[in-house]
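K.L.:
Before I ask anything, here is the structure I am working with.
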């Protein structure tokens, strides 16, 4: 891992622990970092490179489902390369419905499916 990648991982880890403590309270720090690293790679796989957008993406993995991006409608928004990647993170809420997010959570394969 490069120093920049380590800094990004530290940023995401700190954000999760400070802003979503109830979401990560039962998870060991090492596991939070491992999951965050998985999330960073997944976000980057969608062309998301800005730290804030990556942090938002990883947060959704913890809050909704680690594989939320596999939901067809959510995945379609994330794959829309006609929209800048950072904007896609904002549009996933305006171009999808609450039921899409509920379905993504219900059909999630969980963290083990991503490892």
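The values are calculated or read from the model by the stated rules, or taken from the named source; none is laboratory data. What you are looking at is a predicted structure, and each value in this text was computed from that prediction instead of being measured. No Cβ is skipped: glycine too gets one built from the backbone with ideal geometry, and neighbour counts run over all protein chains shown.
K.L.:
Which condition number does residue 96 fail, the rest of (1) modelled with pLDDT of 95 or more; (2) under 22 Å from residue 24 (Cβ atoms); (3) surrounded by 15 or more Cβ atoms within 10 Å (Cβ to Cβ) being met?
P.N.:
Tallying (1) modelled with pLDDT of 95 or more; (2) under 22 Å from residue 24 (Cβ atoms); (3) surrounded by 15 or more Cβ atoms within 10 Å (Cβ to Cβ), residue 96 fails exactly one: (2).
K.L.:
Would you call residue 65 within 23 Å of residue 32 (Cβ to Cβ) and modelled with pLDDT under 95?
P.N.:
When the stated conditions are applied, residue 65 does not pass them.
K.L.:
If residue 12 meets every condition in (1) farther than 19 Å from residue 104 by Cα; (2) in contact (Cβ under 8 Å) with a residue 60 or more places away in the chain apart from one, which number is that one?
P.N.:
(2)
K.L.:
Looking at (1) over 15 Å from residue 114 (Cβ atoms); (2) modelled with pLDDT of 95 or more; (3) surrounded by 12 or more Cβ atoms within 10 Å (Cβ to Cβ); (4) more than 16 Å from the chain's Cα centre (by Cα), which is the one condition that is false for residue 13?
P.N.:
Just one mismatch for residue 13, condition (4).
K.L.:
Quick one: residue 91 ticks every box in (1) closer than 20 Å to residue 114 by Cβ; (2) at pLDDT below 95 except a single one, so which number is it?
P.N.:
For residue 91, the exception is condition (1).
K.L.:
Might you check whether a residue that is buried (at least 19 other Cβ atoms within 10 Å of the Cβ), closer than 18 Å to residue 105 by Cβ and at pLDDT 95 or above occurs anywhere in segment 25-34?
P.N.:
For segment 25-34, residues buried (at least 19 other Cβ atoms within 10 Å of the Cβ), closer than 18 Å to residue 105 by Cβ and at pLDDT 95 or above: absent.
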